[in-house]
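K.L.:
Have a look at the structure that comes next, please.
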Amino acid sequence: MSLIAVTVMTLAACQKETEVKPVQLDTDGAKQAYSLGVSAGRYLGVAQDEYGKIGVTLDQQLVLRGVQDAIADKVALTDEELQTVMQSLDQQYQEKKMAMLEAEMAENIAAGKAFLAENATKEGVTVTESGLQYEVLEQGDGAKPTAEDVVKVHYSGTLTDGTKFDSSYDRAEPAQFPLNRVIVGWTEGVQLMNVGSKYKFTIPSDLAYGEQDKGVIKPNSVLVFEVELLDIVKPDAK
């Protein structure tokens, strides 16, 4: 990262905006050099955005000056001072990131509780002892699976705001998995279903992914699934 950053920033510092010329990529060496610069620029752009998200702004001119001084071996700080400053910057980043995460988690818990409380009052919604909420959309008359069974299902999963994060319908192919190897809310909920049924499950975060960050699914998120139980897969059909 240091070598790439030096290359990109030095070129940027040495070339004035008024002197920018169309890039000539007529040799393999030119394309390699350009590609390295693009890769580095994108990496540094992501890093800059990450610092910006937590309110840390670094003076670009001083960053460029540091690169130039490093190349010229005229660094204004000792190696020990540099290490201390970088460790402090990293600690600042980690502390602010953690504070933001804790605030987000607390907000999600409060929003989840409010959503669950309101949803529980809707007609047709049943709340189990664990806190799982379900609604029967279509009632089948087939067998019910156990936690040890492999089930075949169609499903769609959304956040409480309607954001879809997964769907076997979109893939046009049912999912098949052991019922005891999914989130707790699924293991409990699907066992309530007869084959041929379609249920809507509203799953509290502690029965889903809890404090885990799954990208679109943020820590302490309540999840909503529509699940259609198609079949219980026999051992010889696995």
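The values are calculated or read from the model by the stated rules, or taken from the named source; none is laboratory data. Note that the structure is predicted; figures quoted are calculated from it, not measured. Methodologically, a virtual Cβ is constructed for each residue, glycine included, from the backbone with ideal geometry; neighbour enumeration extends over all protein chains shown. Side chains are part of the model used for accessible areas, which takes the heavy atoms of the whole protein and leaves out ligands, DNA and RNA. Shrake-Rupley method; radii C 1.70, N 1.55, O 1.52, S 1.80 Å.
K.L.:
Per residue, how much accessible surface does the stretch 163-238 expose to a 1.4 Å probe? Answer in Å², no decimals. Don't jump to the answer; show the numbers that get you there.
P.N.:
On the way: 3760 Å² over 76 residues.
Heavy-atom accessible area per residue stands at 49 Å².
K.L.:
Taking the alpha-carbon centroid of each part, what is the distance from the stretch 154-183 to the stretch 56-103 in angstrom?
P.N.:
Here the two parts' Cα centres lie 43 Å apart.
K.L.:
Could I ask something else about it? Which helices, taking whole DSSP H runs in the chain, have alpha carbons extending 24 angstrom or more along the helix axis plus mean Kyte-Doolittle at least -0.5?
P.N.:
none
K.L.:
Of the options Val85, Gln61, Ile71, report the single residue whose Cα projects farthest towards the positive end of the charge dipole of the stretch 57-97 (beta-carbon charges: Lys, Arg +1; Asp, Glu -1).
P.N.:
Going by the charge dipole, the pick is Gln61.
K.L.:
Once you put a point 7 Å from the Cα of Val63 and another 7 Å from the Cα of Asp28, both along the Cβ direction, what distance in nm separates them?
P.N.:
3.3 nm
K.L.:
I've got another one for you. Using Cα positions and a limit of under 12 Å, work out the aspartates and glutamates in reach of Lys144, with same-chain residues fewer than 8 apart set aside.
P.N.:
In chain and number order, the partners are Glu188, Asp231.
K.L.:
For the chain, with all protein chains present and a 1.4 Å probe, just round the carbon and sulfur fraction of the accessible area to a whole percent.
P.N.:
Roughly 52 percent of what the probe reaches on the chain is carbon or sulfur.
K.L.:
Still on this structure, please answer the following. Output needed: percent of Cα pairs per 5 Å distance bin for the chain, bins running from 0 to the one holding the longest distance.
P.N.:
Cα pair-distance distribution for the chain, in percent: 1, 5, 9, 12, 11, 9, 7, 7, 7, 8, 8, 7, 5, 3, 1, 0.
K.L.:
Before anything else, pin down the relative contact order of the chain: Cα pairs under 8 Å, at least 6 apart, normalised by residue count, whole percent.
P.N.:
So the answer I get is 18 percent.
K.L.:
Given R₀ = 30 Å, FRET efficiency for Lys21-Ile71 by Cβ-Cβ distance, to 0.05?
P.N.:
The pair Lys21/Ile71 has a calculated efficiency of 0.85.
K.L.:
Taking the Cβ-Cβ separation of Leu137 and Asp166 as r and a Förster radius of 22 Å, what is the calculated FRET efficiency to the nearest 0.05?
P.N.:
About 0.75, to the nearest 0.05.
K.L.:
Leaving out same-chain residues fewer than 8 places away, which lysines sit with a Cα under 18 Å from that of Lys53?
P.N.:
Lys96, Lys97, Lys218
K.L.:
Also: Subtracting the Cα-Cα distance from 0.36 nm times the residue separation, let me have the gained length for Lys234 to Tyr43 in nm, one decimal.
P.N.:
63.8 nm
K.L.:
On to the next question. Per residue, how much accessible area does the stretch 23-84 have with a 1.4 Å probe, in Å²?
P.N.:
For the stretch 23-84, the solvent-accessible area averages 79 Å² per residue.
K.L.:
Reachable lysines from Lys21, Cα under 19 Å, same-chain residues fewer than 8 places away excluded?
P.N.:
Lys21 reaches Lys31.
K.L.:
Relative to the Cα centre, what is the charge dipole magnitude of the chain, using +1 at the beta carbon of each Lys and Arg, -1 at the beta carbon of each Asp and Glu, and rounding to the nearest 20 debye?
P.N.:
Here the size comes out at about 420 debye.
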